[in-house]
Ligand code: CXF
Ligand code: ZN
């Protein structure tokens, strides 16, 4: 069938709204009529071509929509079901069988390589292959082909425009705190960066009952939003000594630091922000593959520190997304406070707004 898609024809775009053909779903695949899709920073990093993306390509990995058709053997959803899309995984390897699909041994081929194992693509343009299957969906398009492991059925009255970003950004931030670092009530938390992922980490800290939640963020509006969403303190990193500011609030250091910025000059300071037995979670992807976090070894041994990398908040999405939806329903995850909707054909404007701090989470709507 034919549909409109935001096609990336060259590194860094622009995205061109073009007609493409979407294949019928094969065994295990699910074709979804996309109604809403969030834009995540990773879309833009991959769009730069730095990760080896083949052009033309269709990106988009925070999709939500209505099941249009299912391939042979699909039992979890049926045409007409409302669904959220998330990252894909193989379901067979050791991490998958330990309910850690974000660390699937085959994460790259299942999420980043734009062809099926047999070399065919689910999307073509004028009969020629288009890189597809981004995070098992490529949802900057009217239709996306997904799989049973990355499609979650939601209630018929679910607001897809609000819930779409749960599939990546929101579960990444909230999961980093609730799952990866397993925050406990009364603990203290520092969140570096107050974009969609950082704000979700703040909300995760509030859900966990953290006693002190400190957001470090240069933009004033985002600091205000962090305070509204649960941060007890907000620090402007350009206003002076950030470590001293953190220790002015938590003298012994924080139990947890979650970095969502990937901005290494500030990330490097995190080792001096944590308390004894403190743990650091690295979520933000730095701009360079060569970025390193220097650990002062004697200090680290002495305090018993932990630092770990985190993908997708350690989410087991078919389990964790329903928990997040319940938090949203109960008013504990008010994503709509920082999301802004655009039409699919406004994708370039939405990205521009994000770059200029005019929106935090852009969500594209498709008729
Ligand atoms: C990404 C970050 C880079 C590794 C894969 C997951 N997160 C979401 O956009
Ligand atoms: Zn993402």
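Within the option set 309, 313, 284, being within 16 Å of ligand 2 (Cβ to nearest atom), within 17 Å of the chain's Cα centre (by Cα) and at positive phi holds for one residue only, 313. The set of residues from the range 281-313 being touching a strand residue (DSSP E or B) at 6+ places or on another chain (Cβ under 9 Å), assigned to a loop (DSSP other than H, G, I, E, B), without any contact (Cβ under 8 Å) to a residue 40 or more places away in the chain and under 18 Å from residue 169 (Cα atoms) is empty. In the range 91-118, the residue that is nearest to residue 322 (Cα to Cα) out of those that are at pLDDT 95 or above and away from ligand 1 (no atom under 15 Å from the Cβ) is 99. In the range 160-194, the residue that is nearest to ligand 1 (Cβ to nearest atom) out of those that are surrounded by fewer than 24 Cβ atoms within 10 Å (Cβ to Cβ), under 19 Å from the mean Cα position of the chain (by Cα) and in contact (Cβ under 8 Å) with a residue 12 or more places away in the chain is 179.
For the range 30-70, the set of residues classified as free of Cβ contacts under 8 Å to residues at least 40 places away in the same chain and surrounded by fewer than 17 Cβ atoms within 10 Å (Cβ to Cβ) consists of 48, 49, 50, 52, 66, listed by residue number. Look at residue 286 and say whether it is farther than 26 Å from residue 6 by Cβ and modelled with pLDDT under 95. Criteria met by residue 286. Before we move on, is residue 310 crowded, with 17+ Cβ neighbours inside 10 Å and within 20 Å of residue 228 (Cα to Cα)? It is false that residue 310 is crowded, with 17+ Cβ neighbours inside 10 Å and within 20 Å of residue 228 (Cα to Cα). Taking the range 72-182 and the helices (runs of 4 or more DSSP H) fully enclosed by it, the elements with 1 or more residues that are farther than 26 Å from residue 17 by Cα are at 94-97, 107-111, 169-175.
Every listed requirement among (1) more than 16 Å from ligand 1 (Cβ to nearest atom); (2) within 23 Å of residue 221 (Cα to Cα); (3) surrounded by 14 or more Cβ atoms within 10 Å (Cβ to Cβ) is met by residue 351 save one, (1).
Being surrounded by fewer than 24 Cβ atoms within 10 Å (Cβ to Cβ), in contact (Cβ under 8 Å) with a residue 60 or more places away in the chain, within 16 Å of ligand 1 (Cβ to nearest atom) and in a helix (DSSP H, G or I) is a property that residue 222 lacks.
The values are calculated or read from the model by the stated rules, or taken from the named source; none is laboratory data. Note that the structure is predicted; figures quoted are calculated from it, not measured. When we count neighbours, we look across all protein chains shown, and the Cβ atoms used for this are built from the backbone with ideal geometry, even at glycine.
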